[in-house]
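All remarks here apply to the structure that follows.
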Amino acid sequence: MNAQVITIDDTKTPQQLIENVLVNSSCAAAASPTGIGDAYRPGRQSFAYFNRNGSSFPFEEGVVLATSTAQTAIGPFVSKLTSDDSPLWLGDNDLDRIVNSHSVNATALEFDFVAATNSLAFNYIFASNEYQYDYSCQYSDAFAFLIKEKGSPDEYRNIAVLPNTTTPVSSISIHPKIDPGTGANGSAYTGCAASNENYFNGINGSNSPTNYAGQTKVMTAQTDVIAGKTYHIKLVIADDRNRNLESAIFLEAGSFNFKISLGEDRTIASNNPACFGENILLDSKLNTVDYTFKWYKTDNPTLILSTNSTYQVSTAGTYKVEATLIGTTCIATGEIKIDYAPEILSTNTTLLQCDDNSDGISIFKLTKADNIVKNNVSSIINEGYYLTLTDAQNKTNKIAAPNNYTNTADNQIVYARLENEFGCYKTAEVTLQIAATSIPDPASIPTCDGDDVQDGLYQFDLNAQVTPQIISGLPNGLTVNYYLSANEALTETNPLPNIFKNTIPRNQTIYGRVVNGPDCYDIVTVPLVINTFDPPNFENESAYLCRNTQITLSVSTGFSSYLWSNGETSNSILVTAPGDYSVTVKDINDCEKTKNFKVVLSEPATITNAAVKDFSGNDNAVLIEYTGAGNYEFSLDGLTFQDDPLFKGVPTGPYNAVARDKNGCGLSNSFLLYVLDYPRFFTPNGDGYNDFWIIENSQALPDYKIHIFDRYGKLLKEMNQNSAGWNGLYNGQQLPSDDYWFTLTFVDGRNVKGHFSLKR
């Protein structure tokens, strides 16, 4: 078990820890070492020597500074959320001021040293029990590595920060994502997002070599110094606000050493390589009086490139310098990797622009050269155009409106600045030249107003109707773009769509910009003419063709041409069959108009029957039944016609029904019908008028029988179609004035009942 956890020796003095463990270098000498920490447990210190002891801890050995006794750092990890440290153990004022903490239980080591080179660095790991529950979302113990020139009134600088930042390393600034959960006190917490998780080494378990819940990866504290100056450094850690949840700093033995800083690596991976053709001066910032130098590439250390304090690099590689302090065994080293970005390939080019007044001055769209000058390489960015090469190189006085630039003279040169993704640049020349080519303006381009509203507004297919007339006979490869004004054609603003509908009725001028790639060939004036054609009385018609006859369809004479749907080319045709016909006529402008004829078959009707509703008084009606392909009107007397075949309120009597075709195709057959009814009274007084009760025209009826009754149901009379009628007698005796009832029964079973009055 012991072989898997670190060992702690807290018997060493601050001087031993600093001079023999942390520094321990021929290039670095520590002076005036001191230490403070836990003074409340006899025989125990909060700063100590540690050894890996065969465990998985990253450092073989080193110095540990803890917020509790150093012995508590020995693994494995056993969670302990509270502390038994003395409440009399105070914090550190420098730490509180620098990292804005309220520290308690502070442990610190301090010493002086003389800088041997221009850079100082050492390695460390921060470990803490705050990597439990959601504590690292809001709490962190404080620590700092404070440095300043000895005797200087300046404030300390903290070099225990995240790389390339001023953010202190802590459990708040470095931790994984904390998911929602339940805290040690049973209350729920929401968790928080990860923070710089790439620097976090992981959460510890029961096999951890140290007794902390988690720790960072190996971090490096680094700072620039001035060779020969004396500095004071203070390494300090403390609990923040309360003494629970202990933390520690592990410093790697021998890592406190001087380096020669040659600057950041210049690599493609880190997005800052050297530019193609650039010379990089590497400077050790040390003098040749005190040091000797050896420069070489790490892949060929036997080839010495220089023995000066500086070296100028022009090719890619990893370069290293060794500086030996004369008269000592101290050798300080520095290393830098330099990549070179690929060369930016550029092409000088010329932009040709048209001139509207032959003065050599025009408006250029410089961005047309964007892809040309950078050879269409998408990763290269055009960072603008400049009037002078110096401005382009210094990236000053960029042309503000490159899409609307007015040149100062024919063949003026402007400069494009091209940059790659690393900020490297190259320039290219763009010559602004006025085009010497010209094209005659085309004749009027006519079209016909082809919609239903003849207002002189219609669309042009510019590519099909106009462009061929402009570029006919010109070199291949020319294209034409169109604009409403000459200035818009010059500046290439608001181009017209290919399908263009004029905005000025009947006549409108547009402008064609003829181009050869990005270059202007000429600008031509294009007159558009929209001819209208709206002949009078040319509405669609319907015509009726009587069966077995013919009709003539015709339109006016005087048109330039005629074309009927049946192929005929005169102004009229003879039609013998129903159907759809059309004629297209043209005028002198070759504009056309089409008229449609619908020829509908019509014929006399055939009356097949008449449905008679009779014996109903004023409700008597007749419905004429017929066949035929026509539009008919109907009559019962051959004189008065109506559209409806149903006649209502028809008086009694015989009728000869007939149907007439409204389209002039003649009358139908005549159909005889009778409308019958019974008298509502009769007066059998011998005056020869209305002396008999009889149904007139009953001979037109099928066989029937009539039975007449008095109000008591007594049968008084029986008749048929051969009877002369009833005279009001019964057994030779006159019956009194009264209402009498009858039943009319036909052989087909139909029966009519009613009553009438006998008046005397």
**Q.** Farthest positive-ward along the chain dipole, Cα basis, beta-carbon charges - from VAL321, SER55, ILE588
**A.** SER55
Q: Can you figure out the FRET efficiency of ASN300 with ASN403, using R₀ = 45 Å and their beta-carbon distance, to the nearest 0.05?
A: 0.30
Q: Sort 142-149, 270-277, 336-343 for me by packing, meaning the mean count of neighbouring Cβ atoms within 10 Å per residue, highest on top.
A: 142-149, 336-343, 270-277
Q: Show me 410-417, 182-189, 238-245, 495-502 ranked by packing, highest mean number of other Cβ atoms within 10 Å first.
A: 238-245, 410-417, 495-502, 182-189
(Q) Based on alpha-carbon atoms only, what is the radius of gyration of the chain relative to the globular estimate 2.2 N^0.38 Å? (A) 2.13
Q: Consider a paramagnetic label point 7 Å from the Cα of ASN720 along Cα→Cβ; state which residues of segment 684-705 have an amide N under 16 Å from it.
A: 698-705
**Q.** Relative contact order of segment 447-557, pairs being alpha-carbon contacts under 8 Å that are 6 or more residues apart, as %
**A.** 28 percent
**Q.** Simple label model, 7 Å out from Cα along Cβ direction - GLU60 to ALA577, nm
**A.** 11.1 nm
Q: May I ask you to derive the FRET efficiency for LEU389 and SER314 from their Cβ-Cβ distance with R0 = 25 Å, giving the value to the nearest 0.05?
A: 0.60
**Q.** Average Cα contact separation per residue, segment 62-206, under 8 Å, 6 or more apart, as relative contact order %
**A.** 19 percent
Q: Please list, or write none, the lysines whose alpha carbon is within less than 29 Å of the alpha carbon of LYS150, excluding same-chain residues fewer than 8 places away.
A: LYS12, LYS229, LYS234, LYS259, LYS285
Q | By average C-beta atoms within 10 angstrom, highest first, the peptides 434-440, 748-754, 421-427 | A | 421-427, 434-440, 748-754
Q) For segment 511-611, which chymotrypsin sites (Phe, Trp or Tyr not before Pro) are both in a DSSP coil and crowded by at most 15 other Cβ atoms within 10 Å? A) PHE538
Q. Under 16 Å from the 7 Å Cα→Cβ point of ARG750, by amide nitrogen: which residues of segment 588-611?
A. 609-611
Q. Setting aside same-chain residues fewer than 8 positions from LYS395, which lysines have a Cα under 30 Å from its Cα?
A. LYS337, LYS365, LYS368, LYS374, LYS426
Q | Cα-centre dipole for the chain with unit charges at Cβ (Lys and Arg positive, Asp and Glu negative), debye to 20 | A | 1160 debye
Q) Do any of LYS177/LYS217; LYS613/LYS705; LYS705/LYS759 go past 21 Å between their Cα atoms, and which? A) LYS705/LYS759
Q. Just in segment 1-97: which GluC sites (Glu not before Pro) are loop by DSSP and have at most 12 other Cβ atoms within 10 Å?
A. GLU60
Q. Based on the Cβ-Cβ distance from THR220 to ASN487, what FRET efficiency comes out when R0 is 56 Å, to the nearest 0.05?
A. 0.30
Q: Give me ARG711, ARG506 ranked fewest to most by other Cβ atoms within 10 Å of their Cβ, as a rough exposure proxy.
A: ARG711, ARG506
Q) Which lysines have a Cα lying under 23 Å from the Cα of LYS593, excluding residues fewer than 8 positions away in the same chain? A) LYS501
(Q) Give me the extension gain from THR606 to THR431: residue separation times 0.36 nm, minus the current Cα-Cα distance, reported in nm with one decimal. (A) 53.7 nm
Q.
At 0.36 nm per residue, and after removing the present C-alpha to C-alpha distance, how many nm does the segment from ASN507 to LEU162 gain when stretched out fully?
A. 116.8 nm
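Since every read-out is calculated from the coordinates, none of them should be taken as a lab result. This structure is a prediction, so every number in the text was calculated from the model and none was measured. Positions of Cβ are backbone-derived with ideal geometry, glycine not excepted, and every protein chain shown enters the neighbour counts.
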